[in-house]
Each structure stands twice: as structure tokens, then as C-alpha cells.
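Notes for the one structure printed next.
The values are calculated or read from the model by the stated rules, or taken from the named source; none is laboratory data. The shown structure was predicted, so the numbers you read here are calculated from the model rather than taken from an experiment. Backbone-built Cβ (ideal geometry, glycine too); neighbour counts: all protein chains shown. Surface accessibility is based on the protein's heavy atoms, side chains included, excluding ligands, DNA and RNA. Shrake-Rupley method; radii C 1.70, N 1.55, O 1.52, S 1.80 Å.
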Amino acid sequence: MASAAEQLASNLNFSTFAKAEDLKKRLWFTLAALLVYRLGTHIPLPGLNPEAYAQAFRGQAGGILGLFNMFSGGAVERMAIFALGIMPYISASIIVQLMTSVVPALENLKKEGEQGRKIINQYTRYATVLLGALQAYGISVGLESGNGLVVDPGIFFRISTVITLLGGTMFLMWLGEQITSRGIGNGISLIIFAGIAAGLPSALAGTLELGRTGALSTTLILAVIVIAIAVIAIIVFVERAQRRLLIQYPKRQVGNRMFQGDTSHLPLKLNTSGVIPAIFASSLLLLPATIAGFANTTNLPSWATSIVAALGHGQPLYMLLYALLIAFFAFFYTAIVFNPKDTADNLKKHGGFIPGIRPGERTAEYIDYVLTRITVIGALYLVFVCILPEILVSQTGIPLALGGTSLLIVVSVTLDTVAQIQGHLIAQQYEGLIKKSKLRGGKRGR
């Protein structure tokens, strides 16, 4: 079956895509949905003073607001109706995922298959509403505390802000689900991808303008482009890399027939944790700078000012803590999303085993041993990809369009989207082969 799929994938070409009417409809739907999202990032929140807010944001762009602005496609910078973006849903998903490893009731739901996943998804939506409402209320209070940011402060502004921002998040969550079901899949990831990619043209144009005016040398810009291409190649290689454990199934007898034992593989991704460690590490390290930015820096004690300065972008302490936090969250999140004991129990239940390893507890220990070793490589890879842009910015002063986190997201989502498109094309080819075989069978019957 795998060889047939590989052969079909190798035969995919432009003519196959031209005949894929269903895929073209899904692509057009996805593009239309992303266009709606981009339009929403330009609709401002009612009741704000745009000039005063733009000036205030420029002072906070280096903190956590800059990170959220990147994920929201510039909506935070404009304080648009989609300013919260999809981040409350992502945070709620991570929280619920963590709770499934701690709360026995949620862990049992996770094991119930499709029905259990539907209930967990419903809990995730409830958590999204709660987190979104709290964040939206915090934003409304923060805006009112600013000097002249709100035209008419008061309870009406707070209520309208909470309803607008929470409604924007819930709409994006629904839009992502529609892209997943009616588009080409990965709806939430594509929304984040569209937000990050939207800032690329202006950032690239700004870099080229610096080169034209002589602020940056052409050689330096070309060197950074070459480094970026090399990093993208490394990301593609590692994100597709797997450690495959050989799984064997014993011979079985059905009636009077003896069926030969089958073999398969248990794929373990080199980077099981994905981009989550980089997001967590960035958010934690940017919190001190954000808090200091909102506070009155003249009233801060000297030790607090020193800490904030040491945790600035490009500082040695910042990069050291950034690397340590990424490595920690890589191991922590991998332990949450992959349970070797459950995998070993499922293999034992279906009669599968790893050659030379006893089923059950010994299999779980072996899987955990292999997973720990490859997670070390995955953590080092994440640290390299995220720290390299920081070093380039601090040493050269060139404004990079993509940081390590955003680069990981863009490349990973691109790979997943290409795989989804290939999957639709392969499914269409299978349908075509089945129709041809039916037609041939009908002609022979005549």
C-alpha cells in the first residue's frame, strides 16, 4: 500500500492538478477565508485615538506586544478587531492538553477515540472563551490607563472592547475550523502563517531600502540571504526527519489459513515538540521588558532596571536563558504529548512488539530511551534556529524579517500544506483508478 502511494505521489504533475476540481475549490475557499482574515486585521477597535495608540505601541514593540503583533498579522499594532488573534485558542489547547496528563477524567476521554476528542474540543472552546474574555478585559483596562488612548473611557468602552475582541477570536476559531473541513486543512496554522507572511514584503522592502541608501552593505545582505536559505533547508530536513522503530506482528491463523507475520514502523519525530518551546521561551523572556515598559521606568529600582537591560534582545544573558528555556520546554512538552507507556500498551494489545525487547514495561522503557536521545538533538536544533537570528541582529544590526520562531512556523506550515495538497491529489488518483477498474470490469461482464 505504501509503495503504491509513493508511486502515485511520484506521478503527480500539473495535469493531475488541473483535473482536481475538488482541490481547486478547496484552495479557492482557503484563499477567500484568509482574505477575510486579512481584512479584519485592518478594522480598528471603536473608541480609540489612532495617533496616540500608534505612538504608545512604538514604545512597546520590543516587548511581548511585538510577539503578539507578529502572530496576529499586525492587528495588535493597529488594535484591530482581530487583535487577540488565535492565541487564546492556542493557549487553551495547550492548557487542556496539559490537563489531560494530570486529570484522570480527561485522560480517559482522550482514550475514548473520536467521541472523547469531540468532548475535549468542546472543553477547549469553553477555555478559549474564558481566556479570551480575560485578555480582552485586561486590554481594555490597559488602554484606559494610557494617556489619551481612549476617546471616552468607562464601562461602555470596556464592555464593547471585550465583546469585539472576544468575538474576533471566536470568529477566527470558527474560520480555522472551516478551512480545516472545507479547505485544504490546517486551518489554525494557516491563519497564523498568513499573519506572519503578511509582514514579509514590507520588511524585505525596508531591508533593500537600507541597502540602497548605504546603511547596510550589499555583501552583508547577500550573506544573510544565503544563511536564511541554509537555515530553511535545515528546518525542512529536521522537520521531516524520523527515527523509525521496527514493529513486528506474529503469525496468526484464521480458520484453516495461516497468515504471515507483518512488519511496520513506529515513527518518532526528531522534533516532537514542534514550535511550542520557542513560543513559550519568547513569551517568558519578553514579560519583564513589557512590564517595565508599562510601568514608569523612572520609579523602578536600579536592580530592576539592570535586569530589564540584561534581558534585552541580543544581550548574552537573554540568549543564554532563551537557549535554556527552549531546551527545557522541548523536553517538557515532548513528555506531555507523547506517552511511551500508552504506546507500549497499544502495541501489546494488538500483538506488536519491538524485536529483542519484551512487550509491556520494557518496551515503554526502550521507547522512552530512544525518545530522550532524539529529543536532545531536537532541542539543539531548536536552540540553533532561534538563537542564530538573535546573533545576526546583535552583530550586524540588520533588521531580519523573520525570527527563529516565525521562521519555524512558516516552514512547518508550508510543509504540512504541501503534504495536504499531495494527499488530496493522491486521493483523486485513487478514485480515478477505481472508476477505470469498474468500467473495465463492466465491459468484461458484457
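Among the listed pairs 25/349; 25/118; 24/111; 118/348; 118/341; 269/348, a Cα-Cα separation exceeding 32 Å is found for 25/349; 24/111.
Using a ≥ b ≥ c from the Cα gyration tensor of segment 143-245 (square roots of the eigenvalues), is it rounded, prolate or oblate, where a/c under 1.5 gives rounded and otherwise the larger of a/b and b/c decides, a/b for prolate?
Numbers: a/c = 3.17, a/b = 1.31, b/c = 2.42.
In terms of gyration-tensor shape, oblate.
In this structure the amide hydrogen of residue 268, modeled in the peptide plane, comes within under 5 Å of the amide hydrogens of 243, 244, 245, none closer than 5 places in sequence on its chain. Were the residues from residue 35 through residue 263 laid out at 0.36 nm apart, the gain over their Cα-Cα distance would be 77.5 nm. Accessible surface for residue 120 stands near 20 Å², nearest 10, in the context of the full protein assembly shown (1.4 Å probe). When a 1.4 Å probe is rolled over the protein heavy atoms, the share of accessible surface on segment 111-202 that falls to carbon and sulfur comes to 64 percent. You can think of it this way: the chain between residue 270 and residue 208 has 18.7 nm of extra reach, that is 0.36 nm per residue less the Cα-Cα gap. In whole Å, what is the distance between the alpha-carbon centres of segment 189-225 and segment 130-181? Here the two parts' Cα centres lie 31 Å apart.
In this structure, residue 163 and residue 332 have a Cβ-Cβ separation that, at R0 = 56 Å, corresponds to a calculated FRET efficiency of about 0.95. The 1.4 Å probe gives accessible areas that order 246, 407, largest first, as 246, 407.
In plain terms, the chain from residue 427 to residue 246 could stretch by 62.4 nm, reckoned as 0.36 nm per residue minus the Cα-Cα distance.
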